[in-house]
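As structure tokens, the structure follows; a few thoughts come after it.
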Amino acid sequence: MVLGFSLLLMLNASPAHADASVSIPLISKGLPASDLVYIQNGVSKILNPIEAWDLSQSKGVDLSTLQPDTTSDLWKGTPRVSGTEFSQLSVAEQQALKAFWKKASDDGTAMDNSLPIDSDETVNYSNVLDGTAPGLFKFDILTEKPGESPIPLTLVMSKTLHSIFVNKEFLRKAGYQIEALKWLPRVTVKFPNEKAFCNFTTAQYFQTSGAADRWQVSPPTYIDGSAVPSCPTDAKGLEAIENTLALKVTFQDVAVMAPPPLIDTLAFGPSIVTDGNGNAQPLAPRIQRALSLVYEIGDVPESVNQIKWNAPRVINNVFTFVIPEDGNYACTSDDALWVLRILAPLDRDEYQDIVNRSFYPAEVGAQIVEGMISNRNYTLNKFNVPADDIPNKTLPKLTQQKWPGYASQFVFGDLESPLAHFQKFIIATVESNIITNLVARANQELPSLTIASQTSKHIAQMFTQAQTSGAPMQTTIKAWTAPLIDGGFDITRNVALGAYLGTNNQVQIADSFGVHLNVGLLIGTDYTPSFVQLQGLAQASASISLTHIKPIFSLSQATDTPLFDMYVPLFFTHLKTIFKAVGNLQPNANTTTPLDPNSVSTALTDELNLISKYLGVGESLIITDSITGVEQATASVGSPVPIGPVASGSAGFAQVVLSRVQIFRKSATQIQIFKDHGAENGITLSLVGNLWSSLPIIQMSGQNKKGDGRVRVFNIDITPDPVVNPNVYFYANGMVQLLKSGSTELLESKIHPSYRY
């Protein structure tokens, strides 16, 4: 494998964010899905990926036209439309499609309404469910109806609850089987005691990142109607609660579902399969891969002001977008075309129906419809799927932030163009150029021995020797050598748009600090004929750079980031100190008085909270080491006559070794480590013949390069609770070693990394 490909793979192995970054090539490539059904001579067969690939290559079968297996519990199929425009379908086909959409929606709504609870009922709290996705808070309850046995159910809270309903309804129209999920405008929950309620409130805050009063219709009260004191905010205070009286709270804007199975509903996101290290494995079935496009068109944020119109981008013929549903979709262009042909016939009435069944306020719902239609038009156009564009309507901008009866705040935070405040970008660029020029000028002042300076020095020495000795010139060719050494340091700040060093943000600041050193040996010859020149060179270069990449949401932040942050080594030093302090909290055999678990958890939380000062969510720290070796010989022979022909040639060997570590803060409690390594060896040959010095007759060159590279990926859990995360101390010590030396040896002693080649 050529190293150019290896290094490109390493530099583009972007870490997975809390959101999912999805890239779909617009041309057919990649391993086919595992559930494709091929019908030949009336016989159906489910192809494995290799069989599907061979079929596409040998018989030219368009894999995008193959339906996935309909015996799955996830997808039951839709009427075939073969990608033609809806308006060109026959009346019978149009009626069949509309009947399918209506039945899928009506059957789903009937299933939702069958859940044994209605709005304004009272239920009993049971427990909080662990392991839910960020932003999603689920807890179990028991129904309370006179004369009936309690039924276990699960309530769901989220700031983007209605976006989940959009996913649910959109997936149903596409033929997916989505479990029952019902909206409850209001529900009263009874808690057995104050401690249970306070623990519930703490978990609610951390899972939803939203204030409790978003969902609380009124403050909690004891069963007798008296007020409940405010909950303590520290672990010791929560532990000290002794009140055993029952209390109740009325919540608004929640959803109810049956107790979740092992695999959650697709309305919450894809069914993620992970390896032993928690890495999301590529999805194999088409019905799961294609979810990425459904989630993309239906991607609705909490605020309508933050709808990303035409959010995906096409870079190097690859359709790239980010969606909230984390997963490794592995979606190919064939999978994308298949699902887009299913979605293409959906008209404005169907999008309006999806939003109506998602229980938005009417004014908000109207904005959502336009956002979905815009993304639908854009996506179909980029994939060249035949479909009629649905014209967008112009609607007045909404300004009302709080909506009665809703926990979600549907209007806030205008989505500012990342290219706004362009003048700040110009200022930041000027600052960066000034710093780069100052550093370059400083490097020029450093002592160095270069090819030019050593050659000039040697010629001057020979001239001086000839003048002082008066001896005749020698006629025997003599070789001479001179050492080479130069180096310097690099400080840069770049305001980068799009993908940069393995990251993929709309706008980001990249600060780098590095040093480089070059040593070598120059071999020259004296007393050769004037028309002959011989020279040899052997040199090695080494460099190390530390980079801090921080996503920004407006170019105005380009000048707000302190220039002192360009000294990136401080970030590594501070983080190493924090993780070392965490590792020192680990109890050991010599501990005579173990710390109280609550005290340990509090101390861990205090230390790990400091990480955000130096590595926020979405930010990266990158260590890049490179060593380059070059051995080269050059020779040229000309005619003794000044206007005669000249021939020159060179031969050389080159070696490159590149190591790169990326520390990416995926979420508040997870860090991903990408350890890249690549190596290359190569040989180059060249020959040039000129009739005169400037009239080339022949020019030949060739090179042969071989190399390889791989990426190791580690997932580090920094949840500050040794009970939930017993490896927190080990991870901390592994991070200390990584930040100190760039080594993942300690991490590999316990974590088997996943590999990307």
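Looking at segment 111-136 only, could you name the residues that are within 38 Å of the chain's Cα centre (by Cα), hydrophobic (A, V, I, L, M, F, W, C) and either within 23 Å of residue 177 (Cα to Cα) or open to solvent by 50 Å² or more (accessible area, probe 1.4 Å) (or both)? If you could, list the steps in order and put the result at the bottom.
Step one: of segment 111-136, the residues within 38 Å of the chain's Cα centre (by Cα) are 111-113, 115, 125-136.
Still in the running and hydrophobic (A, V, I, L, M, F, W, C): 111, 115, 128-129, 133, 136.
The answer is 111, 115, 133, 136.
Of all residues in segment 342-358, which are farther than 20 Å from residue 290 by Cβ and open to solvent by less than 20 Å² (accessible area, probe 1.4 Å)? Even if it seems obvious, please write down each step before you answer.
Here is the first cut: in segment 342-358, the ones farther than 20 Å from residue 290 by Cβ are 347-349, 352-353, 355-358.
Within segment 342-358, 355, 358 qualify.
Test of understanding: among 655, 662, which residue is under 18 Å from the mean Cα position of the chain (by Cα) and either of a type outside the set (A, V, I, L, M, F, W, C) or at pLDDT below 80 (or both)?
On the way: 655 fails: under 18 Å from the mean Cα position of the chain (by Cα).
Going through 655, 662 in turn, the sole match is 662.
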Filtered residues of segment 300-319 (kept if touching a Gly at 6+ places or on another chain (Cβ under 9 Å) and either at pLDDT below 80 or under 17 Å from residue 30 (Cα atoms) (or both))
305, 306, 307, 308, 309, 313, 315
Of the residues 702, 689, which single one is among the small types (Gly, Ala, Ser), surrounded by 14 or more Cβ atoms within 10 Å (Cβ to Cβ) and either within 28 Å of residue 649 (Cβ to Cβ) or over 26 Å from the mean Cα position of the chain (by Cα) (or both)?
689
Filtered residue count, segment 143-183, keeping only those that are in contact with a helix residue (DSSP H, G or I) (Cβ under 9 Å, 6 or more places away or on another chain), of a type in the set (Val, Ile, Thr) and either in a loop (DSSP other than H, G, I, E, B) or free of Cβ contacts under 8 Å to residues at least 40 places away in the same chain (or both)
1
Quick check: anything in segment 657-679 open to solvent by 30 Å² or more (accessible area, probe 1.4 Å), among the β-branched types (Val, Ile, Thr) and more than 30 Å from residue 208 (Cα to Cα)?
yes
Please count how many residues of segment 45-61 are open to solvent by less than 80 Å² (accessible area, probe 1.4 Å) and hydroxyl-bearing (Ser, Thr, Tyr).
1
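Determine which member of the set 364, 369, 411 is open to solvent by less than 40 Å² (accessible area, probe 1.4 Å), more than 27 Å from residue 320 (Cβ to Cβ), at pLDDT 80 or above and assigned to a helix (DSSP H, G or I).
Working: 369 fails: more than 27 Å from residue 320 (Cβ to Cβ); 411 fails: assigned to a helix (DSSP H, G or I).
Every option except 364 fails the conditions.
Does segment 372-390 hold any residues that are in a loop (DSSP other than H, G, I, E, B) and either among the charged types (D, E, K, R) or touching a residue at least 60 places away in the same chain (Cβ under 8 Å) (or both), and which are they?
Of segment 372-390, the ones in a loop (DSSP other than H, G, I, E, B) are 383-390.
Across segment 372-390, the qualifying residues are 383, 385, 386, 387, 388, 389.
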Taking segment 89-110 and keeping residues exposed (fewer than 15 other Cβ atoms within 10 Å of the Cβ) and outside any loop (DSSP other than H, G, I, E, B) leaves 91, 92, 95, 99, 102, 103, 106, 107, 110
Among the residues of segment 15-66 satisfying the criterion of being assigned to a strand (DSSP E or B) and small (Gly, Ala, Ser), which is modelled with the lowest pLDDT?
20
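The values are calculated or read from the model by the stated rules, or taken from the named source; none is laboratory data. Because the structure is a prediction, the values reported are computed rather than measured. FYI the Cβ positions are ideal-geometry reconstructions off the backbone, even for glycines, and counts take in every protein chain you see. In case anyone asks, the SASA skips ligands and DNA or RNA and just uses the protein heavy atoms, side chains included. Shrake-Rupley method; radii C 1.70, N 1.55, O 1.52, S 1.80 Å.
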